1. In the stretch 142-183, how many are within 16 Å of the chain's Cα centre (by Cα), surrounded by fewer than 22 Cβ atoms within 10 Å (Cβ to Cβ) and aromatic (Phe, Trp, Tyr)?
2. When residues of the stretch 127-141 are filtered for being touching a Phe, Trp or Tyr at 6+ places or on another chain (Cβ under 9 Å) and open to solvent by 20 Å² or more (accessible area, probe 1.4 Å), how many remain?
3. When residues of the stretch 169-203 are filtered for being among the hydrophobic types (A, V, I, L, M, F, W, C) and part of a loop (DSSP other than H, G, I, E, B), how many remain?
4. Of all residues in the stretch 299-317 being more than 24 Å from the chain's Cα centre (by Cα) and without any contact (Cβ under 8 Å) to a residue 40 or more places away in the chain, which is most open to solvent (accessible area, probe 1.4 Å)?
5. Specify the residue that is surrounded by the most Cβ atoms within 10 Å (Cβ to Cβ); the eligible residues are those in the stretch 52-70 that are in contact with a helix residue (DSSP H, G or I) (Cβ under 7 Å, 6 or more places away or on another chain) and under 22 Å from residue 223 (Cα atoms).
6. Look through 282, 238 and report the one residue that is modelled with pLDDT of 95 or more, touching a Leu at 6+ places or on another chain (Cβ under 9 Å) and closer than 25 Å to residue 382 by Cα.
7. Looking only at the stretch 253-267, decide whether some residue is more than 29 Å from residue 214 (Cβ to Cβ) and assigned to a strand (DSSP E or B).
8. Search the stretch 375-390 for residues that are over 16 Å from residue 282 (Cβ atoms) and pair each with any residue that is aliphatic (A, V, I, L, M) when their beta-carbon atoms are under 6 Å apart and the residues are at least 6 apart or on different chains.
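The values are calculated or read from the model by the stated rules, or taken from the named source; none is laboratory data. Quick caveat: nothing in here was measured; it's all calculated off a predicted structure. Positions of Cβ are backbone-derived with ideal geometry, glycine not excepted, and every protein chain shown enters the neighbour counts. For accessibility, only protein heavy atoms count, side chains too; no ligands or nucleic acids. Shrake-Rupley method; radii C 1.70, N 1.55, O 1.52, S 1.80 Å.
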Amino acid sequence: MVQATAGEEWIADAELFVRENPELAVATAIALVVVLGSVYAFVRLRRARGVTFRRLIADAGEIAVLMHPNPDPDAMAAAIGVVELADQVNVDATIQYPGQIRHQENRAFRTVLDLELDRIDHVTDLAAESVVLVDHNEARGFGGADGVLPLAVVDHHPGDGAGEEFTDVRTDYGATASIVAEYFEDNDAAPVPPDMHASETDGSYTLPTSAATGLLYGILADTNHLTVGASEADFAAASYLYPGVDQDRLDRIANPAVDAEVLEVKARAIAGRQVEGSFAVADVGSVNNVDAIPQAADELIQLEGVTAVVIVGERDGTIHLSGRSRDDRVHMGKAIEEALTDVPNGDGGGHARMGGGRITPDIDPTDDSIEEAVDRDDLSDGLFRAMAGDV
């Protein structure tokens, strides 16, 4: 009885307050509705992207999962995840890419996880009309690429590209693989341990060992083992994936045999480096394997006293640049972009810690010779100025 009386008194007091302060009561009620609605909308939006993406591809019937040219582990990992999610909603999915897979780490990733990847040269090679871009937001690297209107875009790089029905670009994430991992978590998919079969787990959706292993490696590769550019979300994604990871396959991907030319290019970079303060530039000359250039950059940035480095190399007349920075004063992507701004046919960019670029030559169809695209000494000087902020 006491509780009922207290309740009745509270209701009476509330009614009296409303009668005496109608405008304040209405404002309070509206504010409460707005706050609760905003919280609900935020939580729903934050958690629903994976569900929305699953439903989108389920309606597509057939999709082409398109990676960027010369795909790296993060791109391949994201593609694996999308294909696995598509398979669980009975949608045919084909992973495709332009360019080549040359880097020994990338080849090991493909081989160890036994991936089926389809190389394309032209837009007519796309396996389906519905295209999902992963790890890039604008199709490039093949004939007719500028005419591709993707159904969906999943990426962590800055850019203006968007999907016709779905766009999820999170530039604060260290890897696209982290985003795709969240899609599985959004759908309550349980990672399958390497010693179990998917049928032994509960739930409508699962994350197989091969996909979990690939996604974790994609995160580790793009964040230098969660030490460079990693966000809280990347750590959370890695934690979610871990129960399903095959440690043996992870180790085989991480420790492939090293190509002899890669070792030679690293040695040339170390021996021929130019140093100004804590910045270094090394021109390694002509290379057969352009993937040796970023690997040389990874090597030089480890040298004591070096906080930012750019490696320059040339193949078939095209100059390739790869840079690394552990210096808060040097945004490597912007530095390379600035250094190539006034260079004919020069293009560059990237993240704060890593960047790249290329300079393509002008080719005269009446002359078989290829002219040097830029004076290499001038290029080195420009890179040093860009890293120093003197541009």
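1. Total meeting the criteria: 0.
2. Qualifying residue count, the stretch 127-141: 1.
3. So the answer is 4.
4. Within the stretch 299-317, the match that is most open to solvent (accessible area, probe 1.4 Å) is 304.
5. 67
6. After ruling out the rest, the residue left standing is 282.
7. no
8. 385/391
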